[in-house]
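One structure is given here, and the rest of the page talks about it.
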Amino acid sequence: MIEVSAEWLGFLGYRREEVLGRRPAEFMAPESAARWELARAALLRGEDEVQEVEYRMRRRDGALVEVLLRARADRDAAGRFRRSFAVLLDITARNRSEARLREAQKLEALGRIAGGVAHDFNNMLQVMNGALRLVESRPDDPARVRRYAGAALAAAERGADITRRMLAFARQDRLQSGPVAPAAVLEGLATLLHGALGPDIRLEVAAPPGLPPLRADRMQLDLVLFNLALNARDAMPGGGVLRLGVTPEEVAAEPGGAAGLPPGRYLRLTVGDTGAGMDAPTLARATEPFFTTKEVGQGTGLGLAMAHGFALQSGGALAIESAPGQGTRVSLWLPEAGPQEAGSPWPRPGRPPASAGRCACCWWRTRRRCAR
């Protein structure tokens, strides 16, 4: 750094002589320093004239503060990079408020599926209890013991998997964008949803093989998709079909591209239902904070607003298609992870993704007939 303002020094608590001649990354937390070097390299290459990224910076007293840094490149007449100008905005309080809101949204979402999860565990306990009683009645029959012990173990594994998914969903990790395997996202969502949907809603999941990873914060993406799916469920009180999908999509450098996105490669995630749909006035206000058509106590009106904000913050977009009697489809575009990021998408895909039309209770585990 060759010059800093008095406000910069006062905000971080340093003296001018402690700052001049040092790199901005030296005042950042390790993960933020690496991100700053990538942003600086993009400025040097001329990919963007302005870089706007959130970082954590370390004050002189050791405290970490969260800032939004906007850096602009200054070039000579030949277009060569000379230096950059940067402005810091303190967003610590804003991020804390957003974190509290996300936690409230997660608690609300978990509360909305509590009944379905209890139903699932009751079914699994019945399977285990019945299988173990049958084993107890004929302990001298090895084939029978193996068969029913296997059924009991499968039910126990199913319960453990649901528990892991719910604990991951409820965790309070720091938001951090990175490569995410989209098929694994839909797999986890289907696991959490199947008990909450009820017997009258069929879940269809379409995730073609070989999808590239997308770039987003996994925790916030889970919450957004989960809320969209619950909204779709609530729109079908008499039953219907809930469709989850993901497809790669390339936006060309043409005006009027998909949802106004800049050119690039994206993953388009969709959540669709066959419910009553929305009329034009309702659709126009759907992403407004606190706007809801649900009864008091049935929703906060923040789900779609948070989804819209998440899409923009992630470098993507959100669009809603709906009409009375024709259901609703919400599309979420998120950027494809770059080559330098795509080497280790989290989590790595485990079981294969769902296939369209498979039962929501057991698509991921077995081809046997569902007992629900």
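State whether one or more residues within region 13-25 are surrounded by 14 or more Cβ atoms within 10 Å (Cβ to Cβ) and within 30 Å of MET306 (Cβ to Cβ).
Checked against the condition, which is being surrounded by 14 or more Cβ atoms within 10 Å (Cβ to Cβ) and within 30 Å of MET306 (Cβ to Cβ), region 13-25 yields no hits at all.
Check every one of the strands (runs of 3 or more DSSP E) wholly within region 200-282 and list those with 2 or more residues that are closer than 21 Å to HIS308 by Cβ and of a type in the set (D, E, K, R).
240-251, 264-273
Answer yes or no: is there a residue in region 188-200 that is surrounded by fewer than 19 Cβ atoms within 10 Å (Cβ to Cβ) and modelled with pLDDT of 85 or more.
Yes, there is a match, as at least one residue in region 188-200 is surrounded by fewer than 19 Cβ atoms within 10 Å (Cβ to Cβ) and modelled with pLDDT of 85 or more.
Is it true that LEU69 is open to solvent by less than 80 Å² (accessible area, probe 1.4 Å), modelled with pLDDT under 80 and not in a loop (DSSP other than H, G, I, E, B)?
yes
Being touching a residue at least 40 places away in the same chain (Cβ under 8 Å) and within 28 Å of the chain's Cα centre (by Cα): is that true of VAL53 here?
Spelling it out, it is not the case that VAL53 is touching a residue at least 40 places away in the same chain (Cβ under 8 Å) and within 28 Å of the chain's Cα centre (by Cα).
All but one of (1) over 19 Å from GLY272 (Cβ atoms); (2) at pLDDT 85 or above hold for ARG164, so report the exception by its number.
Status for ARG164: all satisfied but (2).
Can you name every residue in region 256-298 that is on the phi > 0 side of the Ramachandran plot and at pLDDT below 85?
Hits for region 256-298 are GLY256, ALA259, GLY260, PHE290, GLY297.
Evaluate region 242-250: report whether one residue or more is open to solvent by 30 Å² or more (accessible area, probe 1.4 Å), closer than 27 Å to VAL205 by Cα, at pLDDT 85 or above and among the hydroxyl-bearing types (Ser, Thr, Tyr).
yes
Could you list, in sequence order, all residues of region 306-324 that are among the aliphatic types (A, V, I, L, M), over 13 Å from TYR266 (Cβ atoms), touching a helix residue (DSSP H, G or I) at 6+ places or on another chain (Cβ under 9 Å) and part of a helix (DSSP H, G or I)?
MET306, ALA307, listed by residue number.
Give the residues of region 72-92 that are among the aliphatic types (A, V, I, L, M), touching an Asp or Glu at 6+ places or on another chain (Cβ under 9 Å) and either open to solvent by 60 Å² or more (accessible area, probe 1.4 Å) or modelled with pLDDT of 80 or more (or both), sorted by residue number.
Residues satisfying the conditions are LEU88, ILE91.
The values are calculated or read from the model by the stated rules, or taken from the named source; none is laboratory data. Source: prediction; values computed, not measured. Counting neighbours? That spans all protein chains shown, and the Cβs are built from the backbone with ideal geometry, glycine included. Calculation scope for accessible area: heavy atoms of the full protein, side chains included, ligands and nucleic acids excluded. Shrake-Rupley method; radii C 1.70, N 1.55, O 1.52, S 1.80 Å.
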